[in-house]
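Derivation of every value follows stated rules applied to the coordinates shown; laboratory data play no part. A quick note: this is a predicted structure, and the numbers were derived from the prediction, not measured. With ideal geometry, Cβ positions are generated from the backbone for all residues, glycine too; neighbour counts draw on all protein chains shown.
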Amino acid sequence: MCFAGTLYAQDNAQTTSTPTSAVPANQQTEQQAEKANAKQLGTVTVVGIRASLQQSMDTKRNADAIVDAITATDIGKFPATNVAEALAQVPGVTLDHLFGATQRVSIDGIDPSLNLSYLDGHPVAQALWLYGDSPNRGFNYSLLPAEILGQLEIYKTPEARLPEGSLGGTVFMHTVQPLDVAANTLSGSFGTNYNDMTDKNRPNGSVFYSWHNASKTFGVDVSMQHYEQDTSREGQEIFGYTAIGAPKTATSAGIPGSPAFVNPYIGGLVTSGVLKPTDVFPTEINSANFEQIEKRNSIFVNLQYKPNEHFDSTLSLMYMTDSLDNINTSLYPIAGFNYAGITSLGAPNAAGVISNGIQSGTPCLQATSCTSTADTYEDNDARASYIRTKGIDWRGTYYGDGWRLGGQVGVSTSNNVISQAFKEIYYGGGFAWSIPNGFNFSNLSTANNPNYWADNDFGGNIGYKPYHARDTYAQVDFSKDFDGFVNELLVGARYASHWESQSLLIYRGVPNMTLNQIGYGGLSNLQGASSIGLSGSSISHVQTCGYTCIFNAVLNNGPLTANDPVDYWDNTFNVQQQNTAVYGQANFGTDNMHGNLGVRWVKTQTTSYGYYVPSSCQVAGADGIVPWNCNFTAGTGYIGVQTTHYNFLPAFNIAYNLTPDLILRGAASETVAYAPYNELAPYFEANDTVLTATAGNPNIKPYRSVNFDTSLEYYFNNQSVVSLSGFYKNVLNYVTQETTPQTHENGSWGTLYPGPTGTQLVTNGMCNTAGQCTYQVTAPVNGGRAKVKGAAISYQQAFGDSGFGLRANYTYSDSRTVQTIQGADWLPYNSKNSYTLAPYFEQGPYSASISYNYRSKYLAGGYVAGATSAYTGSYKELDASVAYAISKNFSLSFDMLNMLNSVYKQYDGPTNAELLNEYVSGREFMLEAHFKF
């Protein structure tokens, strides 16, 4: 596959036009000379797998720091639908596949939120796309079309001149510049992508055009893209585990509210020794189906002005829209809620997990208020999501006699008013459940009949979450050349401001409806879930008629009111982070050695706002609803907290040529990174039925780490290199998540109680009748310490004139924290073992490549808002690509992604004893026709 718009010229150096802050400083002078040579040498177009690998290898070889690079042809020639999947070819880079491979990219075992990404040296604002998700600083690569890029660089060691804020690595993405390609360059692609789980095709297309005048003093390029993708993620989720507890006996008071206390049958199993009080069984077993149709449109424009050899500037304009409407359907029998209906429980395994059981109950016919001893709910979350991102950036450099003055200034904004229409229908019939096969209703004649499904004293609601993000930045850089060991001195200053905010309004008053009134959509057929071993009613069950039906049912049946302020108070925050930095850096070198030494001083000021609601304002009225007109006293209400931190960040990089083809590198540095923006705000976001929540902490300090890196690289032939690297990070303040039980007002109590859900929460002792509930609240805390150490080996070789070649790498990363998370001392997103094996073939008009990626198990985020972290099982992915060049102007490509239809699994602990969820999302096939002139 060859992405359109990735055509670029190569003289003898990196061809993308980059600001001072985005390329190694010692390369800037070299690039000036090489650009001058380009006038005499003419333009050479880089095409093909081997040419792109050579380009990437040259960038790595010439850098002062430890750097990996990917050219745009790399992105196109190796199987990838986006930049993140291309990055996975780099040693130490791993992906999390919870929602595809586009959002969570780890570098050297570090959490994706602690790595930074820049487009032409500047940040890109990103709004949240998923309702209920928590924001993070990790770059969402799905929002950026790969067509606009010329090259990527992954800096694994920092330099003083580079922006602060990354512990693992910094990714610099460079767009194609109009003066670097031939005038009137036109390229593009049109095709279709197919997902075998949705059995649907979606179109995509892109066009790139570049022009410059005859004197090459002014040029413009434009990249436009339309991309669509049909996504389906099917599987099983288990919403926690319930302990058996102890019955009341003549000699023991038991554990009130526990299954053994409430249900005499279970109590008898404990008394007889068949079960232990500590044995557990799944609370809720959910058949999960996430469906989304993404439609992205983008346009990027670069206007480059270079009137002479002394001045070069570029004005970049960016506009993107991304429609990400989706519906998430969750049908879950509740085994660990209404204990009285449990009639059978199987024997526990060695870990104390009961893997099967039976619940009895009686369904209700055409009833919107039903009480039974078996409870099954089907949540229908229809979400509208439309992100609009805009940006303008100017960067320029003046080249004097042995000195350079550069600057960059710009702003980008991203906005999304996410909405979710929610309908929750109910069935009271009995069911049998098992792990890992799911569940089956006892009476299919009623369970598969829409007349027995309806709202149950809760008609649903609609929530609106306006989300806004803005980045503004300005920087200036000055460098002066010298003769001698120190050959260049760089100084500069940078100001960057990031602002992010959200609020939430939930409108209620939706009438109770039967499934037929909502819109019956027949029986589901979740073949993806079937492929992972689920069966019975987990695969085939009643469903609504989908996204439009849910919105219509919520919005078109009477007036709605936002009559409960709790959700608004808990989910409103506003955070601004302002970084002011100055740096000094000295570049040095001899015939066989080069490197840099510098220090960066950073002032970080964070101002965060959120609601602090006193208990006096959380008391529900007679209608079960908390009133809006709370009389906030001093120190309560919408409050702001400001914190300021100062850091000196030294950085040292050195490279020594042991021989002309053998390079030894070393690096030492101190770095800082920052927690996600929502964690810095005094806010509280809850799931009012599961009773989990996340909260912010405006007093958490930046992450701070002392780092040591080394590498040995042997360039033994064209497109051929073998390297060995090692890294050690001593994180002195690792912000950790701590989960504690806290009592809060339930924002949905007016609709949950006295309905069956609220009544059962009261019965189980989790809430009182006034709506005060005990939530498991996860919030960030200071003081954690962690260490990450590891090594990587990378091998790349082209096998002579055979056309065959191979890329392979392996990374070992061992991490430890002082504090344990669910009984283990793992760092989030760190896999101990990961590797890539990617053979390729290119000869004449034919090219092909295969990529196999593997990562071992790791700790990642949970499955529901406020859920504690989950342990993710090992993951493997196999992709392939073939292409045929019809002529120098036209070609065809066929890409096959996720050919193994790999299963994404998460567990409640490191031993894999308690399954939390498992998903598959199908194989993807892309057929495209390409042109270039």
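Summarise the long-distance tail of P(r) for the stretch 631-699 by giving the % of C-alpha pairs beyond 13 Å. Kindly include the intermediate steps, with their values, before the conclusion.
Numbers: 1859 of 2346 pairs.
Percentage above 13 Å: 79.
Among residues other than residue 201 whose Cβ falls under 10 Å from its Cβ, what is the net charge (Lys/Arg +1, Asp/Glu -1)?
Combined, the nearby Lys, Arg, Asp and Glu give -1.
Run the helix sum for the chain: -39,500 (n - 2.57) per DSSP H stretch of 4+ residues, divided by residue count, reported at 222 nm to the nearest 500 deg cm²/dmol. Provide the component values of the computation, followed by the final result.
Details: 13 runs with 92 residues, N = 933.
The helix contribution divided over the chain gives -2500 deg cm²/dmol.
Suppose R0 equals 30 Å; then what is the FRET efficiency for residue 283 and residue 701 from their Cβ-Cβ distance, rounded to the nearest 0.05?
Calculated value: 0.25.
Modelling each spin label as a point 7 Å along the Cα-to-Cβ direction, I'd like the residue 321/residue 664 distance in nm, to one decimal.
5.9
Kindly put 513, 899 in sequence by how many other C-beta atoms sit within 10 Å of each C-beta, fewest to most.
Lowest to highest Cβ neighbour count: 899, 513.
With θ set to phi - 60° and the Karplus curve 6.51 cos²θ - 1.76 cosθ + 1.60, what are the ³J(HN,Hα) couplings of the stretch 215-232 in order, to the nearest whole Hz, using x for Gly and Pro?
Residue by residue, the stretch 215-232 yields 8, 6, 9, 8, x, 9, 10, 10, 10, 10, 9, 10, 9, 10, 8, 9, 10, 9 Hz.
Determine by what factor the alpha-carbon radius of gyration of the stretch 317-455 differs from 2.2 N^0.38 Å, reporting the quotient.
Computed over Cα atoms of the stretch 317-455, the ratio equals 1.90.
For 523, 892, what's the fewest-to-most ordering of other Cβ within 10 Å of each Cβ? Display every interim value, and only then the final one.
Working: 523 13, 892 18.
Listed from fewest to most nearby Cβ atoms, that is 523, 892.
Residues with amide H under 5 Å of residue 914's amide H, sequence separation 5 or more or different chain, H placed in the peptide plane at 1.01 Å from N; which?
908, 909
Could you point to the residue in 437, 537, 506 farthest towards the positive end of the stretch 434-564's charge dipole, with +1 and -1 charges on the Cβ of Lys/Arg and Asp/Glu respectively?
Farthest towards the positive end: 537.
Using the basic label-point model (7 angstrom from Cα toward the beta carbon), what is the residue 415 to residue 369 distance in nanometres?
Output for this residue pair reads 4.4 nm.
Using just the alpha carbons, could you tell me how many Å³ per residue the convex hull of the stretch 595-746 encloses?
It is 176 Å³ per residue.
Would you list which lysines come within 18 Å of residue 423, measuring only between C-alpha atoms, while excluding same-chain residues fewer than 8 positions from it?
Excluding near neighbours in sequence, the set is 465.
Grab the other residues whose beta carbon is less than 15 angstrom from that of residue 535, score K and R as +1, D and E as -1, and report the net. Please report the intermediate quantities before stating the final value.
Details: positive: none; negative: 234, 918.
The answer is -2.
Is the stretch 170-277 best put as rounded, prolate or oblate by its Cα gyration tensor, with a ≥ b ≥ c the root eigenvalues, rounded for a/c under 1.5, and otherwise prolate when a/b is larger than b/c, oblate when not?
prolate
Quick one: check the C-alpha center-to-center distance for the stretch 687-721 versus the stretch 387-408, whole angstrom.
Measuring centre to centre over Cα atoms gives 28 Å.
Explain nothing, just compute: Karplus ³J(HN,Hα) = 6.51 cos²θ - 1.76 cosθ + 1.60, θ = phi - 60°, for every residue of the stretch 921-933 in order, whole Hz, x for Gly and Pro.
Per-residue couplings from phi come out as 10, x, 8, 10, 10, 10, 10, 9, 10, 10, 9, 7, 9 Hz.
Please list 3J(HN,Hα) in residue order for the stretch 529-538, calculated via the Karplus relation 6.51 cos²θ - 1.76 cosθ + 1.60 where θ = phi - 60°; whole Hz, with x for glycine and proline.
5, 4, 5, 9, x, 6, 8, x, 6, 4
What does the extension gain come out to for residue 545 and residue 804, with contour length at 0.36 nm per residue minus their alpha carbon separation?
Gain on stretching residue 545 to residue 804: 88.1 nm.
List every residue whose amide H lies under 5 Å from the amide H of residue 900, counting only residues 5 or more places away in sequence or on a different chain, with H placed 1.01 Å from N in the peptide plane.
878
Find the centroid of the Cα atoms in the stretch 516-533 and in the stretch 212-269, then give the distance between the two in whole Å.
Taking the Cα centre of the stretch 212-269 as reference, the centre of the stretch 516-533 is 19 Å away.
Under the rule of at least 5 residues apart or a separate chain, name every residue whose amide H is placed under 5 Å from the amide H of residue 830.
For residue 830, whose amide H was placed from the backbone, the distant partners under 5 Å are 859.
What length, rounded to one decimal in nm, is gained on full extension from residue 632 through to residue 403, with 0.36 nm per residue of separation minus their alpha-carbon distance?
76.6 nm
Tell me, what is the FRET efficiency for residue 394 and residue 215 to the nearest 0.05, using R0 = 25 angstrom and their Cβ-Cβ distance as r?
0.70
Could you give P(r) for the stretch 357-430, binned at 5 Å from zero, as whole percent values over all Cα-Cα pairs?
3, 11, 11, 9, 8, 7, 6, 6, 6, 6, 5, 5, 4, 4, 4, 3, 2, 0
May I ask for the percentage of alpha-carbon pairs in the stretch 533-681 that lie more than 22 Å from each other?
The calculated P(r) of the stretch 533-681 puts 71 percent of pairs beyond 22 Å.
Using only the alpha-carbon atoms of the stretch 714-804 as identical scatterers, what base-10 log of I(q)/I(0) does the Debye formula give at q = 0.12, 0.14, 0.17 Å⁻¹?
-0.64, -0.72, -0.84
Taking the Cβ-Cβ separation of residue 480 and residue 599 as r and a Förster radius of 22 Å, what is the calculated FRET efficiency to the nearest 0.05?
Efficiency, rounded to the nearest 0.05: 0.80.
Per residue, what volume in Å³ does the Cα convex hull of the stretch 739-787 take up?
94
What is the extension gain from residue 714 to residue 192, computed as 0.36 nm multiplied by their sequence separation minus the C-alpha to C-alpha distance, in nm to one decimal?
Numbers: separation 522, 0.36 × 522 = 187.92 nm, distance 4.13 nm.
Value of the extension gain: 183.8 nm.
Considering the Cα positions of the chain, please state its Rg to one decimal place and its Dmax as a whole number of Å.
Rg then Dmax for the chain, in Å: 29.0, 99.
For the residues 305, 609, what sequence is obtained by ranking on other C-beta atoms within 10 Å, fewest first?
305, 609
Short version: what are the Cα gyration tensor semi-axes of the stretch 230-368, square root of 5 times each eigenvalue, largest first, in whole Å? Working shown, then result.
Details: eigenvalues 682, 82, 29 Å².
With the √(5λ) rule applied to the stretch 230-368, the semi-axes are 58, 20, 12 Å.
Just the number: Rg to Rh for the stretch 468-571, Cα atoms, Kirkwood Rh, two decimals.
For the stretch 468-571, the value is 1.39.
Express in whole angstrom the spacing between the alpha-carbon centres of the stretch 293-354 and the stretch 583-636.
So the two Cα centres are separated by 24 Å.
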